[in-house]
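Single-structure report; data block below.
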Amino acid sequence: MAEEVFSERNVQVALVIAVILGILLGLSLSDQILSDYELGLPDADGDGVPDSSDLNSNGDAGLRFTLVDVVHDINEQPRNITLILGYNDNGDSSGNLVGQVCVLNMTLEANTSVSRPLHHCLFQVDDYVARAVSFEYRMYEEEQVNHEVLLYKWDIFAGDDDVNPWGTNLTVDPAFLGAGSTVHLDGMSDSDSWERNARIVWHVSTVQIYAE
């Protein structure tokens, strides 16, 4: 008798609906519990981000990129180089963190293959440690010839790309960088047609930026 009852289509449909409603109700209750739990987590700087998910729980988060090494071919004369590091967090709803740019001007000394300028760039980053951000790296050289300024692009990214010598890394976790990471850009490891190649080494660390 029981088998006949459960074999009826109306009963089967009712059972499926009941199961689905039960799952939805359970998910709703779990979301509410987790939301209540998150609201109770400590937030020392009052930025709305729990300390456990904050790059710096005592103020605004910052990342310092220190330029450690610039490795290049030996030059017979000094070269004036511009290195650009740009930060962009497209997920920042306030728009305050989009389009930060750091421009470093340096000289690559003659008769050496390694320059250590120890310049640094500082960026204010989103406090959410799980958010991926992007950094863009560019390097070029300007030379004045007969009152005309010529621009030469340097290849600082690995890969055989004869069109664009620089690029962007799109999926970087600020928390990973802030833990004390090293970023290697190796334009000397490929075999493309660029004549000017360099290997760039950055050291990244977390610094505190106090809110105004």
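FYI, it's all coordinate maths here, none of it is from the lab. Given the structure is predicted, the values throughout are model-derived calculations rather than measurements. Here the Cβ is made from the backbone with ideal geometry for all residues, glycine too, and neighbour counts use every protein chain on show.
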Work out how much length Ile74 to Glu141 would gain on full extension: take 0.36 nm times their residue separation and subtract the Cα-Cα distance, in nm to one decimal.
22.6 nm
Mind ordering 100-111, 198-209 by average Cβ neighbours within 10 Å, highest first?
198-209, 100-111
Give me the tail of P(r) for region 59-209 as a percent: Cα-Cα pairs with distance above 28 Å.
23
For His184 and Glu109 in one chain, what is 0.36 nm times their gap in residues minus the Cα-Cα distance, to one decimal in nm?
24.9 nm
Rounded to the nearest 0.05, what FRET efficiency do Leu41 and Asp192 have when you use their Cβ-Cβ distance and R0 = 45 Å?
0.35
Say each of Lys153 and Thr66 gets a label point 7 Å from the Cα, pointing the same way as Cα to Cβ; how far apart are those two points in nm?
3.2
